[in-house]
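To start, the structure itself, in structure tokens.
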Amino acid sequence: MTIVTVGIDLAKMSFAVHGVNEAGKPELVRPDVRRGKLLELIASLPPCLIGMEACSGAHHWAREFQKFGHAVRIMAPKFVAPYRMGGKHGKNDAADAAAICEAVTRPNMRFVPIKTIEQQGKLFVHRAHQGYVAERTALINRIRGLLSEVGIVLPQAFKAFHRGVHEALEDLPGYCNQVIGELMNELSHIQERIAQSERQIQLMARQDEQQAQRLMQLSGVGPATASAIVASIGNGHDFKNGRQFSAWLGLVPRQNSSGGKVKLSSITKAGDNFLRTLLVLGARSVLMNAVGKNDPVSRWALQLKERRGYGRAVVAIAAKNARMCWAALSLQDQFKVPT
């Protein structure tokens, strides 16, 4: 019989492949396929449904498999775990591949949008920028920790920190002066890389007139947020509505309802932490700048803050912006920016 569904457990060098026929019987069980042989194996199969877990390299393999006419679906690992028969087979690559093969056929399964190489290229810029900022924070903390060993405690504000280091540098003896000077030179190099990546992100947003600039018309959505959302979800057609996109970002409350009693707790924080952080930072800016304004969005934000508190208001604004971003990408010219 013909293989109709294939599950692949991805790895760096060794892959597990599990294929079944129309009756659900295993026809292809390869627990150890080397990286160089995977494309050859998939090319030899008739067009079928291929499932994989979202991980490093998943989008690359999805694009490669699509070239052979296969329908490829990527799933979050937590959605695959319930289909792993742990009590029977245990946890291994072959069992993972079988679970993926089973999960991809479920009618209510949710899938991860497959990114193009252009989308991944834009996300490279964002990830590099994020890494540079983390390196800068770590380096500043290292300098502050070293200086505190010799009795010099500096403020946390960057400008005050930078000024305080240069004032103290001349009085540092021997190796202390040498090490701190080298670390400050490294900090200046990281600052240059951060500034360069910021300019590149702004350029990407300016060049994307159809999508990113439309998102930037919304309050609390700047070049970084707009370009990151477009690179992550494209036109947003993989989501049925704005609330589904907001839930994908983890900006909706977790439910624990039973017996007709609705119980809502804190937000789920599922999905992309980077996008959620950008939207929350933008929501803080909206709330801060709403004071003194009389437009409907500002009035709503201030009333929400008064009624529910600062933290809940910020999350609500971020969720609202996420839904409007989806509407702007999905509806395009039909979407009207609220005023």
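The values are calculated or read from the model by the stated rules, or taken from the named source; none is laboratory data. Every value quoted in this text rests on a predicted model; they were computed, and no experiment measured them. No Cβ is skipped: glycine too gets one built from the backbone with ideal geometry, and neighbour counts run over all protein chains shown. Heavy atoms of the whole protein, side chains included, go into the accessibility calculation; ligands, DNA and RNA do not. Shrake-Rupley method; radii C 1.70, N 1.55, O 1.52, S 1.80 Å.
Which number gives the lysine pairs in region 227-319 that have C-alpha atoms under 29 Å apart and are eight or more places apart or on different chains?
The number of close lysine pairs in region 227-319 is 8.
If I histogram all Cα-Cα distances within region 1-125 using bins 10 Å wide from 0, what percent of pairs lands in each bin?
13, 48, 33, 6, 0
How large is the convex hull of the Cα atoms of region 127-187 per residue, expressed in Å³ as a whole number?
Cα-based convex hull of region 127-187, divided per residue, equals 74 Å³.
Once amide H atoms are built 1.01 Å from N in the peptide plane, which residues 5 or more positions from Val4, or in another chain, come under 5 Å H to H?
Val20, Asn21, Glu22
Among Gln120, Gln196, Gln213, which one moves the most in a GNM of the chain with springs linking Cα atoms closer than 10 Å?
Gln196
Provide, in order from the shortest bin, the percent of all Cα-Cα pairs of region 83-218 in each 10 Å bin, continuing until the bin that contains the maximum pair distance.
The calculated distribution, bin by bin, is 9, 24, 17, 17, 18, 12, 3.
Ignoring any ligand, DNA or RNA, what whole percent of the accessible area of region 95-138 comes from carbon and sulfur when the probe is 1.4 angstrom?
Here it works out to 56 percent.
Straight-line reach only, C-alpha to C-alpha below 15 angstrom: list the aspartates and glutamates that Lys67 could link to, leaving out same-chain residues fewer than 8 apart.
Once the sequence-local aspartates and glutamates are set aside, what remains near Lys67 is Glu40.
Using a 1.4 Å probe on the protein chains only, how many percent of the accessible area of region 32-94 belongs to carbon and sulfur? Could the numbers behind the result be given before it?
Details: 1880 of 3450 Å².
About 54 percent, which is the carbon plus sulfur part of the accessible surface.
Would you pull out the residues with amide H under 5 Å of Val112's amide H, same chain only if 5 or more places away, H placed 1.01 Å from N?
Placed amide hydrogens put Ile74, Met75, Ala76 under 5 Å from Val112.
Using a ≥ b ≥ c from the Cα gyration tensor of region 202-305 (square roots of the eigenvalues), is it rounded, prolate or oblate, where a/c under 1.5 gives rounded and otherwise the larger of a/b and b/c decides, a/b for prolate? Don't jump to the answer; show the numbers that get you there.
On the way: a/c = 2.32, a/b = 1.28, b/c = 1.82.
Taking the square roots of the gyration eigenvalues as a ≥ b ≥ c, region 202-305 is oblate.
Probe radius 1.4 Å, ligands and nucleic acids ignored: give me the carbon and sulfur share of the accessible area of region 253-339 as a rounded percent.
50 percent
So which aspartates and glutamates pass the test for Lys25, namely a Cα distance under 12 Å, with those fewer than 8 places away in the same chain ruled out?
Of all the aspartates and glutamates, those that pass the test against Lys25 - Cα under 12 Å, at least 8 places apart if same chain - are Glu102.
Quick one: accessible area per residue over the chain, 1.4 Å probe, rounded to a whole number of Å²?
Per residue, the chain has 56 Å² of solvent-accessible surface.
If packing is taken as the mean number of other Cβ atoms within 10 Å per residue, what is the order of 260-272, 309-321, 58-70, highest first?
309-321, 58-70, 260-272
In the chain, what % of DSSP beta bridges are antiparallel (nearest 5)? It would help to have the intermediate numbers written out before the result.
Working: 16 of 25 bridges.
Antiparallel bridges make up about 65 percent of those DSSP assigns within the chain.
Which residue, Leu172, Leu203, Gln156, has the largest displacement toward the positive end of the dipole of region 149-209 when charges sit on each Cβ (Lys, Arg +1; Asp, Glu -1)?
Positive-most Cα among the choices belongs to Leu203.
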